[in-house]
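Visitor: Encoded as C-alpha coordinates, here's the structure I'll be asking about.
The values are calculated or read from the model by the stated rules, or taken from the named source; none is laboratory data. Remember, predicted model here, so these are calculated numbers, not experimental data. Every residue, glycine as well, gets a Cβ built from its backbone with ideal geometry; the counts of neighbours run over all protein chains shown. Accessible surface areas use protein heavy atoms only, side chains included; no ligands, DNA or RNA. Shrake-Rupley method; radii C 1.70, N 1.55, O 1.52, S 1.80 Å.
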Amino acid sequence: MEGIKTLIDKLSQYNFVTNILPGTVLCLILKHIVGYDLFVTNEWYQMGIIFYFVGMVNNRFSSLVIEWTMKKTKIVKFSKYKEFVAAEKKDGKMTILSMENNVFRSYISVCTISLFASLFKLIADNVNWINEWKMQFLLVALLLLFTLSYRKQTSYVRERVEANKRCN
(Lines give C-alpha, C1' and ligand atoms only; values in the text may rest on other atoms or scores of the structure.)
Protein backbone atom coordinates (compact mmCIF):
# COMPACT_ATOMS: atom_id res chain seq x y z
CA MET A 1 0.00 0.00 0.00
CA GLU A 2 2.97 2.33 0.60
CA GLY A 3 3.86 2.15 -3.12
CA ILE A 4 0.31 3.16 -4.07
CA LYS A 5 0.43 6.19 -1.75
CA THR A 6 3.75 7.27 -3.29
CA LEU A 7 2.31 6.90 -6.80
CA ILE A 8 -0.79 8.93 -5.93
CA ASP A 9 1.34 11.62 -4.26
CA LYS A 10 3.46 11.94 -7.40
CA LEU A 11 0.47 12.40 -9.70
CA SER A 12 0.05 16.08 -10.28
CA GLN A 13 -3.30 17.81 -10.30
CA TYR A 14 -2.67 18.50 -13.98
CA ASN A 15 -2.23 14.77 -14.74
CA PHE A 16 -5.38 13.98 -12.82
CA VAL A 17 -7.64 16.54 -14.52
CA THR A 18 -6.19 16.24 -18.03
CA ASN A 19 -5.35 12.53 -18.22
CA ILE A 20 -7.03 10.31 -15.62
CA LEU A 21 -10.48 11.91 -15.42
CA PRO A 22 -10.93 12.37 -19.19
CA GLY A 23 -9.50 8.87 -19.75
CA THR A 24 -12.06 7.44 -17.36
CA VAL A 25 -14.91 9.40 -18.97
CA LEU A 26 -13.76 8.33 -22.43
CA CYS A 27 -13.60 4.66 -21.36
CA LEU A 28 -17.14 4.94 -19.96
CA ILE A 29 -18.48 6.57 -23.14
CA LEU A 30 -16.71 4.04 -25.35
CA LYS A 31 -18.22 1.18 -23.33
CA HIS A 32 -21.77 2.40 -22.76
CA ILE A 33 -22.44 4.45 -25.89
CA VAL A 34 -20.07 3.22 -28.61
CA GLY A 35 -19.65 -0.44 -27.67
CA TYR A 36 -15.88 -0.72 -27.18
CA ASP A 37 -15.21 -2.18 -23.74
CA LEU A 38 -11.83 -1.17 -22.31
CA PHE A 39 -12.74 -2.41 -18.82
CA VAL A 40 -10.68 -5.56 -19.34
CA THR A 41 -9.77 -6.29 -15.74
CA ASN A 42 -11.26 -6.12 -12.27
CA GLU A 43 -7.96 -4.98 -10.76
CA TRP A 44 -8.32 -1.31 -9.85
CA TYR A 45 -4.64 -0.50 -10.34
CA GLN A 46 -4.66 -2.01 -13.84
CA MET A 47 -7.77 -0.02 -14.70
CA GLY A 48 -5.99 3.07 -13.35
CA ILE A 49 -3.19 2.44 -15.83
CA ILE A 50 -5.72 2.01 -18.64
CA PHE A 51 -7.55 5.21 -17.65
CA TYR A 52 -4.24 7.09 -17.55
CA PHE A 53 -3.11 5.73 -20.94
CA VAL A 54 -6.46 6.41 -22.62
CA GLY A 55 -6.41 9.87 -21.06
CA MET A 56 -2.88 10.48 -22.29
CA VAL A 57 -3.92 9.46 -25.82
CA ASN A 58 -6.90 11.80 -25.51
CA ASN A 59 -4.64 14.59 -24.22
CA ARG A 60 -2.22 14.18 -27.12
CA PHE A 61 -5.09 14.06 -29.64
CA SER A 62 -6.50 17.24 -28.11
CA SER A 63 -3.11 18.92 -28.27
CA LEU A 64 -2.40 17.97 -31.87
CA VAL A 65 -5.79 17.78 -33.57
CA ILE A 66 -8.24 19.84 -31.51
CA GLU A 67 -5.82 22.69 -30.82
CA TRP A 68 -4.70 22.80 -34.47
CA THR A 69 -8.33 22.77 -35.69
CA MET A 70 -9.30 25.54 -33.27
CA LYS A 71 -6.37 27.67 -34.44
CA LYS A 72 -6.99 27.07 -38.16
CA THR A 73 -10.71 27.82 -37.90
CA LYS A 74 -9.90 30.88 -35.75
CA ILE A 75 -12.20 29.69 -32.97
CA VAL A 76 -9.31 30.49 -30.62
CA LYS A 77 -6.33 32.80 -30.89
CA PHE A 78 -3.10 32.01 -29.08
CA SER A 79 -0.51 34.37 -27.70
CA LYS A 80 3.06 33.88 -28.82
CA TYR A 81 4.75 31.29 -26.64
CA LYS A 82 7.54 33.61 -25.51
CA GLU A 83 4.88 36.12 -24.39
CA PHE A 84 3.10 33.36 -22.45
CA VAL A 85 6.35 32.38 -20.72
CA ALA A 86 7.01 36.00 -19.73
CA ALA A 87 3.43 36.45 -18.49
CA GLU A 88 3.63 33.18 -16.56
CA LYS A 89 6.67 34.47 -14.66
CA LYS A 90 4.83 37.65 -13.68
CA ASP A 91 1.37 36.20 -13.04
CA GLY A 92 1.11 32.91 -11.12
CA LYS A 93 -2.53 32.55 -12.15
CA MET A 94 -1.45 31.97 -15.77
CA THR A 95 -0.55 28.35 -14.97
CA ILE A 96 -4.00 27.73 -13.46
CA LEU A 97 -5.78 29.41 -16.37
CA SER A 98 -3.75 27.41 -18.86
CA MET A 99 -4.56 24.18 -17.03
CA GLU A 100 -8.28 24.99 -16.99
CA ASN A 101 -8.06 25.82 -20.67
CA ASN A 102 -6.51 22.43 -21.37
CA VAL A 103 -9.29 20.71 -19.41
CA PHE A 104 -11.91 22.18 -21.76
CA ARG A 105 -9.84 21.18 -24.78
CA SER A 106 -9.53 17.69 -23.32
CA TYR A 107 -13.30 17.22 -23.09
CA ILE A 108 -13.78 18.53 -26.63
CA SER A 109 -11.37 15.76 -27.56
CA VAL A 110 -13.30 13.14 -25.53
CA CYS A 111 -16.43 14.00 -27.53
CA THR A 112 -14.55 14.02 -30.85
CA ILE A 113 -12.81 10.69 -30.23
CA SER A 114 -16.16 9.19 -29.17
CA LEU A 115 -17.74 10.34 -32.43
CA PHE A 116 -14.79 9.00 -34.46
CA ALA A 117 -14.97 5.69 -32.58
CA SER A 118 -18.70 5.42 -33.31
CA LEU A 119 -18.10 6.05 -36.99
CA PHE A 120 -15.17 3.63 -37.10
CA LYS A 121 -17.22 0.92 -35.36
CA LEU A 122 -20.06 1.40 -37.83
CA ILE A 123 -17.65 1.04 -40.77
CA ALA A 124 -15.67 -1.85 -39.23
CA ASP A 125 -18.84 -3.77 -38.44
CA ASN A 126 -19.82 -3.59 -42.13
CA VAL A 127 -16.45 -3.93 -43.89
CA ASN A 128 -14.70 -7.21 -43.09
CA TRP A 129 -11.13 -6.25 -44.00
CA ILE A 130 -11.30 -3.11 -41.84
CA ASN A 131 -12.63 -5.16 -38.94
CA GLU A 132 -9.81 -7.70 -39.41
CA TRP A 133 -7.14 -4.98 -39.42
CA LYS A 134 -8.59 -2.65 -36.76
CA MET A 135 -5.86 -3.39 -34.18
CA GLN A 136 -3.14 -2.65 -36.73
CA PHE A 137 -4.91 0.62 -37.63
CA LEU A 138 -4.98 1.50 -33.94
CA LEU A 139 -1.25 0.78 -33.50
CA VAL A 140 -0.31 2.87 -36.54
CA ALA A 141 -2.54 5.71 -35.32
CA LEU A 142 -0.93 5.57 -31.85
CA LEU A 143 2.56 5.49 -33.36
CA LEU A 144 1.76 8.56 -35.46
CA LEU A 145 0.11 10.34 -32.53
CA PHE A 146 3.04 9.79 -30.15
CA THR A 147 5.63 10.63 -32.81
CA LEU A 148 3.94 13.95 -33.57
CA SER A 149 3.47 14.58 -29.85
CA TYR A 150 7.17 14.04 -29.22
CA ARG A 151 7.99 16.47 -32.01
CA LYS A 152 5.60 19.10 -30.62
CA GLN A 153 6.84 18.69 -27.04
CA THR A 154 10.47 18.95 -28.15
CA SER A 155 9.57 22.17 -29.95
CA TYR A 156 7.95 23.56 -26.77
CA VAL A 157 11.03 22.71 -24.73
CA ARG A 158 13.26 24.42 -27.28
CA GLU A 159 10.97 27.50 -27.39
CA ARG A 160 10.90 27.67 -23.60
CA VAL A 161 14.70 27.54 -23.43
CA GLU A 162 14.86 30.36 -25.99
CA ALA A 163 12.23 32.42 -24.13
CA ASN A 164 14.10 31.99 -20.85
CA LYS A 165 17.38 33.07 -22.46
CA ARG A 166 15.68 36.28 -23.65
CA CYS A 167 14.07 36.98 -20.24
CA ASN A 168 17.39 36.84 -18.36
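Visitor: Residue-wise, which Karplus ³J(HN,Hα) couplings in Hz belong to the range 89-96, taking 6.51 cos²θ - 1.76 cosθ + 1.60, θ = phi - 60°, and x for glycine or proline?
Guide: Going residue by residue, I get 5, 8, 10, x, 6, 4, 4, 5 Hz, with x marking Gly and Pro.
Visitor: Another question, if that's okay. Using packing as a proxy for protection, rank 100-112, 52-64 so that the peptide with the highest average count of other Cβ atoms within 10 Å comes first.
Guide: Details: 100-112: 16.8, 52-64: 20.8.
Peptide ranking by packing, descending: 52-64, 100-112.
Visitor: Keeping every protein chain in place, order 66, 29, 96 by accessible area at 1.4 Å, biggest value first, i.e. largest first.
Guide: Details: 66 10, 29 45, 96 90 Å².
In descending accessible area the options line up as 96, 29, 66.
Visitor: Further question on the same structure: Taking the Cα centre of the range 48-168 as origin, work out the dipole magnitude from +1 charges on Lys and Arg Cβ and -1 charges on Asp and Glu Cβ, in debye rounded to 20. Walk me through the numbers on the way to the answer.
Guide: Working: 19 positive and 9 negative charges, 132 e Å.
With Lys and Arg at +1 and Asp and Glu at -1, about 640 debye.
Visitor: Enumerate the calculated ³J(HN,Hα) couplings along the range 130-147 in order (Karplus 6.51 cos²θ - 1.76 cosθ + 1.60, θ = phi - 60°), each rounded to whole Hz, writing x wherever the residue is Gly or Pro.
Guide: With the stated coefficients, the range 130-147 comes to 5, 4, 5, 9, 4, 5, 5, 4, 4, 4, 5, 4, 5, 4, 5, 4, 6, 5 Hz.
Visitor: On full extension of the chain, what length is gained from residue 99 through residue 70, given 0.36 nm per residue of separation minus the C-alpha to C-alpha distance?
Guide: On the way: separation 29, 0.36 × 29 = 10.44 nm, distance 1.70 nm.
The span from residue 99 to residue 70 would gain 8.7 nm if fully extended.
Visitor: Zone of residue 116 (label point 7 Å along Cα→Cβ, backbone N under 20 Å): which residues in the range 30-44?
Guide: It comes to 30-39, nothing else.
Visitor: Give me log10 I(q)/I(0) at q = 0.14, 0.16, 0.18 Å⁻¹ for the chain, Debye formula, one equal scatterer per alpha-carbon, no solvent.
Guide: -0.88, -1.09, -1.28
Visitor: Based on DSSP H runs of at least 4 residues, each adding -39500 (n - 2.57), what is the mean residue ellipticity at 222 nm of the chain after dividing by all its residues, to the nearest 500 deg cm²/dmol?
Guide: Numbers: 8 runs with 125 residues, N = 168.
Counting only the DSSP helices, I get -24500 deg cm²/dmol.
Visitor: Is the range 85-168 best put as rounded, prolate or oblate by its Cα gyration tensor, with a ≥ b ≥ c the root eigenvalues, rounded for a/c under 1.5, and otherwise prolate when a/b is larger than b/c, oblate when not?
Guide: Values: a/c = 7.21, a/b = 2.22, b/c = 3.25.
It is oblate, given that a/c is not under 1.5 and a/b is not larger than b/c.
Visitor: May I have the count of lysine pairs in the range 1-135 with C-alpha atoms under 16 Å apart, counting pairs 8 or more residues apart or located on different chains?
Guide: Working: 31/121; 71/80; 72/80; 80/89; 80/90; 82/90; 121/134.
For the range 1-135, the number of qualifying lysine pairs is 7.
Visitor: On a C-alpha basis, how far is the centre of the range 15-43 from the centre of the range 90-168 in Å? Whole number, if you could?
Guide: What the calculation gives is 16 Å, centre to centre.
Visitor: Using the Karplus curve 6.51 cos²θ - 1.76 cosθ + 1.60 with θ = phi - 60°, what ³J(HN,Hα) values do you get for each residue of the range 14-29, in whole Hz, with x for Gly and Pro?
Guide: 4, 4, 5, 7, 10, 10, 5, 4, x, x, 5, 4, 4, 4, 5, 5
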